[in-house]
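Engineer: Quick one: the structure is below, questions incoming.
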Amino acid sequence: MSISAFSFEGLMIERVIAHKILPKTADKQMTPAKLSNKIIHFKQDAMDTLQLRITEALANKSHGLEMSIRDSDTGSFFSLASSILHSDEQTFIAVTQRLADKLTSSQFSSNAPGGLLAVISGRVGDDALPFIAAIKAETQNGFRTNETNEQITIEYIAELLLTPSQRFYKIGFLAQVASSSTGVAVENHRAFLFDHLMSSTESSKAAGYFYSTFLGMSIEKSSKKLTQDFFENTRKFINTALLDEDSKLELHESLRSELRSKKAIISTSDFSKEHLPEDLKDKYLDFMRLVNFPQHAVSKDIEYIQAKLKRRNKLVFSSDVWVSVPPDKMKDLVQFEESDDNNFTILKIKGKLKSQE
């Protein structure tokens, strides 16, 4: 398995239990969850459908993403969930009841409605990795049809869950990807979140009570977001550095090449050593620390900046004149000439004027 790849194919459910999460009372008091004491036993067609819903949701590039595990203390989602990856049935039931109580208290300060908490254990992927999934699902009303030889009737259903078009559910997913003889370790697990409120640019609209308070996970440290931060903050540093324009163009090209390369990780230290002039190395590292970018290497995932890496370079001047250059061709096609007048920039462009639009 690569450093960033994770397949949700072949997801197999072994246990399912559901607890009812109740909304606050009219006078804003917490209502304890209604807890189950037994595992649910689905028919095969229902089990297949549930497995498909989870697989499709977590593999959704717009609303599903990998998370960082922030909280691992006793009583955290990570601590509780990891304790039932290989547990017996009675332990599984008891720990999921604690998770239902945790979700009830986690959403108390929000306006989140009640719903159902389904906790699922099973295995996923070619390596049959053990996982725990926690699904918070809100119910909807709907209808279904019943057919006889003489009539088609419509039956009203008061509480529908997890329909293909339903947007009102969230999934926290924890998979164990390695084992350790020294006990449970965060680094041996990977965590994922599905929330329909998220966008492909990792919007802050995702329900904080669920992913942050309940799951104890962080969106801000995901590999997609960190790669985006690395790109945007390094560009900002280059643009404000005391360098001539040719040197800046060269550094921008180096940044784009670094992100398009087959390297699985990125780090500020490596970029500084490989691309920056000596007098800017420490300044760059200090700048990245100030914007709270990690000092260690991080997994690279260019999904959020893919369009920018392919987009033509645009040179914008103070007079609102701009020049567009094909990606990766800046150094070959454009040169900056020295000018004694700060109000003018002299460009040398390879090629003849072909058209004017």
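Derivation of every value follows stated rules applied to the coordinates shown; laboratory data play no part. Keep in mind that what you see is a predicted model, and the values were worked out from it rather than measured. Heads up, the Cβs are rebuilt from the backbone with ideal geometry, glycines too, and the neighbour counts pull from every protein chain shown.
Engineer: Which trypsin sites (Lys or Arg not before Pro) in region 9-69 sit in a loop by DSSP (not H, G, I, E or B) and have at most 10 other Cβ atoms within 10 Å of their own Cβ? Mind dumping the intermediate values first?
Structural biologist: On the way: sites: 15, 20, 24, 28, 34, 38, 43, 53, 61; in loops: 24, 28, 38, 43, 61.
Answer in residue order: 28, 38, 43, 61.
Engineer: Another question, if that's okay. May I ask you to work out the translational diffusion coefficient for region 1-133 at 4 °C, viscosity 1.567 mPa s, via Stokes-Einstein with Rh from the Kirkwood sum over Cα pairs, reported in whole µm²/s?
Structural biologist: Translational diffusion coefficient: 80 µm²/s.
Engineer: Across region 241-258, in residue order, what do the Karplus-derived ³J(HN,Hα) couplings come to in whole Hz, using 6.51 cos²θ - 1.76 cosθ + 1.60 with θ = phi - 60° and x for Gly and Pro?
Structural biologist: So the J values, rounded to whole Hz, are 6, 7, 9, 6, 5, 4, 5, 5, 4, 5, 5, 4, 5, 5, 5, 5, 5, 4.
Engineer: Still on this structure: If each of residue 269 and residue 71 carries a label point 7 Å out from its Cα toward its Cβ, how far apart are those two points in nm?
Structural biologist: Once both label points are built, they end up 3.2 nm from each other.
Engineer: Sticking with this one: Distance check, please: which entries in 38/224; 170/236; 225/283; 262/352; 43/102 exceed 32 angstrom between their Cα atoms? Each step should come with its number before you reach the end.
Structural biologist: On the way: 38/224 39 Å; 170/236 35 Å; 225/283 23 Å; 262/352 35 Å; 43/102 29 Å.
In this structure, 38/224; 170/236; 262/352 lie more than 32 Å apart at Cα.
Engineer: Something else now. Could you check the spin-label model distance between residue 240 and residue 34? Points 7 Å from the Cα along Cα→Cβ, value in nm.
Structural biologist: 5.6
Engineer: Relative contact order, percent, of region 24-125 when contacts are C-alpha pairs under 8 Å separated by at least 6 residues?
Structural biologist: On the way: 41 pairs, mean separation 34.3, N = 102.
Over region 24-125, the number comes to 34 percent.
Engineer: Estimate the FRET efficiency between residue 250 and residue 127 by the formula 1/(1 + (r/R0)^6), using the beta-carbon distance for r and 45 Å for R0, to the nearest 0.05.
Structural biologist: 0.55
Engineer: What are the ³J(HN,Hα) values, in whole Hz, obtained from phi via the Karplus relation 6.51 cos²θ - 1.76 cosθ + 1.60 with θ = phi - 60°, for each residue of region 333-349 in sequence order, with x given for Gly and Pro?
Structural biologist: These are the phi-based 3J(HN,Hα) values: 9, 10, 10, 9, 9, 5, 9, 7, 9, 5, 8, 10, 10, 9, 10, 10, 10 Hz.
Engineer: So, R0 is 30 Å and r is the distance between the beta-carbons of residue 320 and residue 295; what FRET efficiency does that work out to, to 0.05?
Structural biologist: Numbers: r = 39 Å, r/R0 = 1.31.
Calculated value: 0.15.
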